[in-house]
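Here the structure comes first, spelled out in structure tokens, and everything after it is commentary.
The values are calculated or read from the model by the stated rules, or taken from the named source; none is laboratory data. As the structure is a prediction and not an experimental result, all values here were calculated from the model. Using ideal geometry, Cβ is built from the backbone for each residue, glycine included, and neighbour counts are taken over all protein chains shown.
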Amino acid sequence: MISMNFVKDYIDLKDQDLEELANKVTKAGINVEHVINTKINNLVVGEVKTCINHPDSDHLHICTVDIGKEVIKIVCGAPNVKEGIKVIVALPGAVLPGNFEIKKGKIRGEESNGMICALFELGLEEKTEENYNKGIEILKEDAPVGMDAFEYLGKGDTLYDLDVHKHKNNDCRYHIGFAYEIGTIIGRKVTLPEASYKEIKESIKDNFKLDVKTENCTYYKSKMVTDLVVGESPDFIKNRLISCGMRPINNIVDISNYVMLEYGQPLHFFDKDKLGNEIVVRMAKDEEKVTTLDEEERTLTSDDIVITDGKKVVAIAGVMGALNTDVDNNTKTVLIESAIFNATNIRKTARRLNLRSEASLRYEKGLNFEYTDKALDRACYLLEKYASGKVLSDKVEYDNEEKKEKVVTFKTEKINSLLGLDLTDKDVEEQLKKLDFEYEIKDGSFKTIIPRRRLDIEENVNDIAEEIGRLYGYYNLKNTLPILPTKKGAYEHSIEFRKNISKRCRSLGLDETRTYSLVDQKSANMFYTDRETILIPKPMSSDRSALRKTMIPSMLDVIKYNKSRGLKDISIYEVSKVFYDDFKEENHLAIALYGNYISSKWQGINIKGDFYVLKGITEKILDYIGLKNRYSFVISDEESLHPGISADIMIDNKNKVGFLGRIHPKINKDDIYVLELSLDKIDVNVKPLKYKPASKFPSIKKDLAFVVPKTITSEEIEKAIKRAGSRLLTNIELFDLYEGENIGLDNKSLAYNLTFSSLERTLTDEEVTIVFNNIIKEVESKLDAKLRSN
Amino acid sequence: MNEKINALKKEIEEKLNEVKDINDLTEIKNTYLNKKGPVADLSNGLRDLSVDDKKTFGKALNDFKNDINSKIEELKNKFEEEELNKKLESEKIDISMPSMDIPVGSPAIVETIIEESEEFFIGMGYDILDGPEIELDKYNFEMLNLPKDHPARDAQDTYYLEGENLLLRSQTSPVQVRAMLKGEGKTPIRMLCPGKVYRREDINATHEQEFDQIEGLVIDKNISLSDLKGTIDAFVKYMYGENTETRFRPSYYPFTEPSVEIDMSCIYCDGSGCSMCKPKGWITICGAGMVHPNVLKMCGYDPEEWQGFAFGFGALRLAMLKYNMTDMRIIHENDLRETKNFDRKDVK
């Protein structure tokens, strides 16, 4: 939160409309999310001219009040109202906290044209019994009648609520920096605040020493101020702290916060009498304990930077001071710490201790040593002025800070190329001036020096382009398209393969789903039990604690969800990654069928999504990617599938690529059929697509049926038929399955329709009969089969 | 002879006028036109005539026969037509009965938007690239200018899998890193990498733990921020209509410099503000910028010579805006009654 009253101390904004200025700031890159006006309108300083008791009341008064332009009549109930005092008058139209609007009216028959206010009624004090009894606020005698009362009180402020996450511009984290940002945008100079003070003879070096024992503290400066008088802060300090969301405590503590808001440099004040004569900055020891200002005992680690008095911890550096050296009402002498610590350490410590404070947040972003010095002087100045302090001469200091200047050399050409603009050298110069970047031009190149406070700017031309671009205004950029060679974009093979499978699934009537890859451990283990499940360290919840190696449990969940919403027929698929073992990942396809695959109830057509439908879908998918005749189905031993209704899918008779079947009733009682297939394993080389002529000659069809024991599979018979069928046999179609007492209960009859044809000629009955007889012989001899005669 | 013909003609015509159905017609045909019937008798009678008479009466007789035959044929057609119409009438069905529900699958809602985006960028010459979901910290963060202690990592709340080196990718940017490494600092790049990413988030209407990003990268010698602006503007117009406007706002990402956030004009209101737009009239849809020189360098491209832009969309967000959805959780619910609506082509 930025207080514009604060900013106005460093830059002249008298002629600026602050709403409009906020828009300019936003356009230049720092998003002002809200402009908040804390001012109440229609409040003026008035002088009570006359005050008499109300004839119809025992406590009301009728007053005439001079408000500059005129004298008005007001009925007032406060016990402390009297003739001759200066007061705050709310005129008709003023809206007080609680949406209470002042209107003209009559009180017990007497006209009243406003209200004389107490501070709590204006929201400037808490509404306590004490404040209530105090009555109306009596202003100082010299308060100018007719002046805007909020301005007189110094209370009216405009606050900018900045979105601090979406930019890195360091200038918006403190008021002087923000003044620079505004100065850049509207082209105005910034004046730094007064920081001069007298020093007494006594030197800090006489009885104090500093020892920095860790490289995580690069800069440490201290001054000592004595003879302090602890009291309340002046109003302007209190008001600004409140505007920025900080609670005023006392002048000493408030000054440290005030300077932090000015320069972005957090300060820490130690009570010198409690501290002793030495400061040692070092890393904490593991398990070292300290009680912080909030009276909590904290346990430290060796990654925390601490300030010690040589023995005990007196502050967790950059995060919070310890109770043992805090400033209290009796503090006479303080040691001011203005230092730079390693940003990462501070961030980690603050996070671990859950102590992210205004100070730690600023350390996290990094600090500029020039302001570390300035903040120290500014604090001395304020302590001298507002806490009667006397500043000891000299500093104790430690300085190991890298001070190399950031220099960027660039040509206007590169800026134009990055932004897509046609700026001239002159345009660039103008922007650099606005930015307050020093520069020189040599051989057509700019050499700029980045001001130290711009910690966010790196030594590269892109950062300069960004600064120039944002000032030029991104809204002024043209819409152009890259000029590049024409080419067609293409899917990488693996993606295209998955897309093809996915589209095929949709054309086969399956709806696509999106389910989570993170599942509970039980689900992760439903299939692929020979693979190791990858567990998530520190999971957010147990139902999202493992990476799935099978997608089937997720599919079952989708069926459950939709079933509970009244759906009866569900056919779904998903293509996704699964994960296993030592962080392997594999692309999988999962399908689940529940209820009817096709149905038309009134026609009595109900084709259930069963094993054979799923097998058909599988074949259509595999055919589509060119695997026709290369896959087979064998009995599966997947434990989560029905042992009698399940199959493994094989490619080239040797590689198991997936499985399908009915889900085991011990897992799900519903009649659900599932498939899971490794897409990576079926993404194999296949023959390119070629034209295959159909026979132009008539074909000969012949039927036959075999009685076989039930243990013999249809596939075995088909294979035998094919073996004996020679090239003339072009199609086999199973058209009947019969089981009945008359052929023996252990037997079944399978009837086939065989098609014989040739691409070259019309076949003769004789040659087909020979082949047909060979088929019968082959099946009967190789299998326990008998030709069934009608 | 003439009289005989005329008499027979009259007789047959009278009979034909009384015919009621195909059976009557068959009977007449059988009675008069068979080999021994009256017409045949007349033909036989020609034999006894003189050559001239034969000629005269032969023609008359032929005309008579043709006339009768065509009349019979005509009637036959008429009866057959009537018969067919009757049959067709009896076969009439109620076409208002429900159809057979032909199974056709629908894409997941978010897949619809991804495919549409891919279509646009493929047309602009972008390749669609793939990458692993379990990534190295190096590719997910370090080479994107996010060293180990970078504060921006805190915000991303990443799922680490093993120590601090292996993670579930929190963005699809590592696919870009891989593409640049493959390009070895020599090849221009135009790519899109849609895919799933993972974050430790509390799931609510606008936050998911698993969601799809659509990121793109273009690297060449003279690619500018204005090119990025034009590209995104064209995409937004393709996706949300020709009247949609875009604007850039300066922003910050570690992997781009300058960085921008891109807003599109609100598609739900006239710019006066509604529940969908923030700030008023604008909807943020994309984070983007010029690839940071450090990223180029780490990935093998000399920033003096090469430059380019990168952008990232949330696929879910694009979908929510396009289809007017307000809750992200819908995607993972997979309510098929809702996804079924996406079984259609969208209009442009």
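Condition check ((1) within 30 Å of the chain's Cα centre (by Cα); (2) not small (Gly, Ala, Ser); (3) not in a strand (DSSP E or B)) across all residues:
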position: A:THR448; (1), (2), (3): no, yes, no
position: A:LEU455; (1), (2), (3): yes, yes, yes
position: A:ALA465; (1), (2), (3): yes, no, yes
position: A:TYR475; (1), (2), (3): yes, yes, yes
position: A:THR480; (1), (2), (3): no, yes, yes
position: A:SER494; (1), (2), (3): no, no, yes
position: A:PHE497; (1), (2), (3): no, yes, yes
position: A:ASN500; (1), (2), (3): no, yes, yes
Next item on the list: Considering only the range B:44-76, state which residues are touching a Phe, Trp or Tyr at 6+ places or on another chain (Cβ under 8 Å) and under 30 Å from B:ASP21 (Cβ atoms).
Entry: B:ILE68
Next item on the list: Inspect the range A:680-696 for any residue being at pLDDT 95 or above, acidic (Asp, Glu), assigned to a strand (DSSP E or B) and out of contact with any Leu (no Cβ under 7 Å at 6 or more places or on another chain) and give the result as yes or no.
Entry: no
Check: Has the range A:421-444 got at least one residue that is of a type in the set (S, T, N, Q), surrounded by 18 or more Cβ atoms within 10 Å (Cβ to Cβ), within 14 Å of another protein chain (Cβ to nearest Cβ) and farther than 27 Å from A:ASN368 by Cα?
Finding: no
Next item on the list: Only one of these is buried (at least 18 other Cβ atoms within 10 Å of the Cβ), at the interface with chain A (Cβ under 9 Å from one of its Cβ atoms) and closer than 23 Å to A:THR515 by Cα: B:GLN213, B:GLN209. Name it.
Entry: B:GLN209
Margin query: For the range A:263-294, which positions are in a loop (DSSP other than H, G, I, E, B) and without any contact (Cβ under 8 Å) to a residue 40 or more places away in the chain?
Written below: A:GLY276, A:ALA284, A:LYS285, A:ASP286, A:GLU287, A:GLU288, A:LEU293, A:ASP294
Next item on the list: Return yes when A:ILE40 is closer than 30 Å to B:VAL260 by Cβ, more than 14 Å from every other protein chain (Cβ to nearest Cβ) and out of contact with any Cys (no Cβ under 8 Å at 6 or more places or on another chain) and no when it is not.
Entry: no
Next item on the list: All but one of (1) over 30 Å from A:ARG498 (Cα atoms); (2) in contact with an Asp or Glu (Cβ under 8 Å, 6 or more places away or on another chain) hold for A:SER678, so report the exception by its number.
Entry: (1)
Check: Is one or more of the residues making up the range A:574-590 in a strand (DSSP E or B) and either outside the structural domain of A:SER502 (by TED's automatic domain parsing) or closer than 15 Å to A:ARG662 by Cα (or both)?
Finding: yes
Item checked: Unique match (being under 29 Å from A:ILE336 (Cα atoms) and exposed (fewer than 15 other Cβ atoms within 10 Å of the Cβ)) among A:GLU413, A:GLU397, A:GLU402 -> A:GLU402
Next item on the list: Go through the range A:342-366 residue by residue and tally those that are among the polar types (S, T, N, Q) and part of a helix (DSSP H, G or I).
Entry: 4
Margin query: Being closer than 17 Å to A:TYR673 by Cα, more than 8 Å from every other protein chain (Cβ to nearest Cβ) and part of a loop (DSSP other than H, G, I, E, B) is the requirement here; does A:THR533 meet it?
Written below: no
Checklist line | Residue under evaluation B:ILE93, criteria (1) more than 14 Å from the chain's Cα centre (by Cα); (2) in a loop (DSSP other than H, G, I, E, B); (3) within 10 Å of chain A (Cβ to nearest Cβ), criterion not met | finding: (3)
Next item on the list: Working only within the range B:323-348, note down all residues that are part of a helix (DSSP H, G or I) and over 17 Å from the mean Cα position of the chain (by Cα).
Entry: B:ILE330, B:ILE331, B:HIS332, B:GLU333, B:LEU336, B:ARG337, B:GLU338
Margin query: So for the range A:519-527 (the condition being among the charged types (D, E, K, R), in a loop (DSSP other than H, G, I, E, B) and surrounded by fewer than 15 Cβ atoms within 10 Å (Cβ to Cβ)), does at least one residue qualify?
Written below: no
Check: part of a loop (DSSP other than H, G, I, E, B), in the same structural domain as B:LYS15 (by TED's automatic domain parsing) and free of Cβ contacts under 8 Å to residues at least 40 places away in the same chain: does that describe B:LYS36?
Finding: yes
Checklist line | Within the range A:653-693, tally of residues that are surrounded by 12 or more Cβ atoms within 10 Å (Cβ to Cβ), over 40 Å from the mean Cα position of the chain (by Cα) and farther than 17 Å from A:ALA592 by Cα | finding: 4
Check: What is the number of the single condition among (1) under 30 Å from B:ARG344 (Cα atoms); (2) surrounded by fewer than 14 Cβ atoms within 10 Å (Cβ to Cβ) that B:GLU27 does not meet?
Finding: (1)
Item checked: Which numbered condition A:ASN742 fails, given (1) part of a loop (DSSP other than H, G, I, E, B); (2) surrounded by fewer than 11 Cβ atoms within 10 Å (Cβ to Cβ) -> (1)
Next item on the list: For the range B:222-252, name all the residues that are farther than 19 Å from A:SER417 by Cα, at the interface with another protein chain (Cβ under 9 Å from one of its Cβ atoms) and modelled with pLDDT of 90 or more.
Entry: B:ASP233, B:ALA234, B:THR246, B:ARG247
Item checked: Scan of the range A:81-95 for residues that are crowded, with 17+ Cβ neighbours inside 10 Å and in a strand (DSSP E or B), ordered by number -> A:LYS86, A:VAL87, A:ILE88, A:VAL89, A:ALA90
Next item on the list: Tell me, please, whether a residue that is more than 30 Å from A:ASP157 (Cβ to Cβ), at pLDDT below 90 and of a type in the set (A, V, I, L, M, F, W, C) can be found in the range A:77-97.
Entry: no
Notebook entry, point to check: Which of the residues belonging to the range B:96-129 are surrounded by 15 or more Cβ atoms within 10 Å (Cβ to Cβ) and away from chain A (no Cβ under 11 Å)?
Noted result: B:ILE113, B:GLU116, B:SER117
Checklist line | Residue that is surrounded by the fewest Cβ atoms within 10 Å (Cβ to Cβ) [pool: residues in the range A:354-375 that are out of contact with any helix residue (DSSP H, G or I) (no Cβ under 7 Å at 6 or more places or on another chain) and within 14 Å of another protein chain (Cβ to nearest Cβ)] | finding: A:ASN354
Checklist line | Residue ID - farthest from A:ILE672 (Cα to Cα), chosen from residues in the range A:547-600 that are more than 7 Å from chain B (Cβ to nearest Cβ) and free of Cβ contacts under 8 Å to residues at least 24 places away in the same chain | finding: A:LYS584
Notebook entry, point to check: Would you say A:VAL613 is at pLDDT 95 or above, of a type in the set (A, V, I, L, M, F, W, C), under 28 Å from A:ILE682 (Cα atoms) and within 30 Å of the chain's Cα centre (by Cα)?
Noted result: no
Check: Which one of the conditions (1) within 14 Å of another protein chain (Cβ to nearest Cβ); (2) more than 23 Å from A:SER3 (Cβ to Cβ) does A:ARG173 fail to meet, given that it meets all the rest?
Finding: (2)
Next item on the list: Working only within the range A:448-471, note down all residues that are crowded, with 19+ Cβ neighbours inside 10 Å, free of Cβ contacts under 8 Å to residues at least 60 places away in the same chain and more than 8 Å from every other protein chain (Cβ to nearest Cβ).
Entry: A:THR448, A:ILE450, A:ILE457, A:ILE464, A:GLU467, A:ILE468
